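The values are calculated or read from the model by the stated rules, or taken from the named source; none is laboratory data. Bear in mind that the values here come from a model prediction, so they are computed numbers and not experimental data. Neighbour counts are summed over all protein chains in view; Cβ atoms, including those assigned to glycine, are modelled from backbone coordinates with ideal geometry.
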Amino acid sequence: MSQKRILFTGGGTAGHVIVNLALIPEFQKQGYTIDYIGSYAGIERKLIESLEGVRYHGISTGKLRRYLSKENIKDPFKVLKGLAQAYRIIGKTKPQVIFSKGGFVSVPVVAAAKLRGVPTIIHESDYTPGLANKLSFPFAKKVLATFPETMQYLPEAKAEFIGAVVREELFTGNRSKGLSMCGFHKQKPVIMVMGGSTGSKKMNDAIRENLDELLQQVQIIHICGQNHLDPSIKRQGYAQFEYVSDELKDLFAASDYIVSRAGSNAIFEFLALKKPMLLIPLSKNASRGDQILNADSFVKQGYAMKLEEEQLTKQTLLESLHKLMEDKNSYLEKMASYQSGQTKEKIISIIQKHQKS
């Protein structure tokens, strides 16, 4: 029997890697040889290279912008170089199937897979598809959606609603370990603040400006993003981290509330863990508006509160957090009916169904 081989791709932000991190161990258990194509220096490299038994291949990648920039002249050449590199890597590693989580690095990989005759499954996490995935759809065998509303934006013949993939290890967190890691006690509730893998200066500033008042009532775990630590703040009840990987499950277990951006993978994890959340989506000035739609969907279903970034001030943050804590039981009641289901198993089944024999 020939060796089973699968190649994963996706990167640019942690959101384009998290689902891959959930799936890779399952394929390892089934004896697959696993390769990963990402960018040379994106966050995906650090996350994937921390896994045992996965070969990482870096390729050239260009950002495909919707706006005018001098870089737009260079980027098509970077993408073409990435296409040639991906074509060689796929030829060498001979995967029977490719799973793409999106991000700009995935475009040359999915195109090269089509040229090599290797079937690709794409997973779209957001409410509306990103540009990278839109460009990749024509080359894919199947496109999987996290939100049911996303189906209207996908190629009908290839699309399937699948739901969210949640990393199982997040359910194994230990509250006492998480509290101990932060030097916290059990007498006050804990708010976890996350500004995405790159951090959010505006969110970080609003939290730090409110520390005096907030720390009277709560303790705060602040995951503030790379290079956003403020070593001058040393307060009982306030613990800050640039980025957390292995211990994240324990910090989630220690947290009673979440303040976060509204990336799809993250908010579905908060929902599965039953954490009342205040979402501060990236504004349309800084994004294509997908996080706003993600947040709106959760607000509509009673899973979250939303605070627009344009309305984020010291005062509005404080008011929103007080309201979130007041309405905690209402959110928990709505979340209780949500089941994360067998999404991961369904995706694995779809991937295996489409792999070349």
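Observations, loosely collected:
- If you check Asn265, Asn285, Asn294, Asn329 for being of a type in the set (S, T, N, Q), assigned by TED's automatic domain parsing to the domain that holds Ala206, within 19 Å of Thr128 (Cβ to Cβ) and without any contact (Cβ under 8 Å) to a residue 40 or more places away in the chain, only one passes: Asn285.
- Of note, Ile347 satisfies the criterion of being more than 24 Å from Leu179 (Cα to Cα) and crowded, with 17+ Cβ neighbours inside 10 Å.
- Scanning segment 100-121 for residues that are assigned to a loop (DSSP other than H, G, I, E, B) and either under 20 Å from Ile347 (Cα atoms) or not assigned by TED's automatic domain parsing to the domain that holds Ile347 (or both) yields Lys101, Gly102, Gly103, Val118, Pro119.
- Residue match in segment 142-155 (condition: among the small types (Gly, Ala, Ser) and buried (at least 23 other Cβ atoms within 10 Å of the Cβ)): yes
- Taken as a whole, the condition of being surrounded by fewer than 24 Cβ atoms within 10 Å (Cβ to Cβ) and assigned to a loop (DSSP other than H, G, I, E, B) applies to Ala41.
Here is a yes/no grid of residues against (1) closer than 24 Å to Val244 by Cβ; (2) in the same structural domain as Ser264 (by TED's automatic domain parsing); (3) at pLDDT below 95; (4) not hydroxyl-bearing (Ser, Thr, Tyr):
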| residue | (1), (2), (3), (4) |
| --- | --- |
| Ala22 | yes, no, yes, yes |
| Ala41 | yes, no, yes, yes |
| Glu44 | yes, no, yes, yes |
| Glu49 | yes, no, yes, yes |
| Lys78 | no, no, yes, yes |
| Ile90 | no, no, no, yes |
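- Counted residues, segment 184-223 - those being under 20 Å from Ala266 (Cβ atoms) and without any contact (Cβ under 8 Å) to a residue 24 or more places away in the chain: 0
- Which listed residue is more than 20 Å from Ile220 (Cβ to Cβ) and of a type outside the set (Val, Ile, Thr), from Lys300, Lys314, Lys275: Lys300
- The lone criterion from (1) in the same structural domain as Phe268 (by TED's automatic domain parsing); (2) in contact with a Phe, Trp or Tyr (Cβ under 9 Å, 6 or more places away or on another chain) left unmet by Leu179 is number (2).
- The listed residues are Ile221, Ile233, and the only one of them that is surrounded by 15 or more Cβ atoms within 10 Å (Cβ to Cβ) and among the hydrophobic types (A, V, I, L, M, F, W, C) turns out to be Ile221.
- In segment 62-77, the count of residues that are in contact (Cβ under 8 Å) with a residue 40 or more places away in the chain and either among the small types (Gly, Ala, Ser) or out of contact with any Leu (no Cβ under 9 Å at 6 or more places or on another chain) (or both) is one or more.
- Contacts under 9 angstrom Cβ, first residue in segment 139-151 being free of Cβ contacts under 8 Å to residues at least 60 places away in the same chain, partner surrounded by fewer than 22 Cβ atoms within 10 Å (Cβ to Cβ) and in a helix (DSSP H, G or I), 6 or more apart: Phe139/Ala111; Phe139/Lys114; Phe139/Leu115; Ala140/Lys114; Val143/Phe137; Ala145/Met151; Ala145/Tyr153
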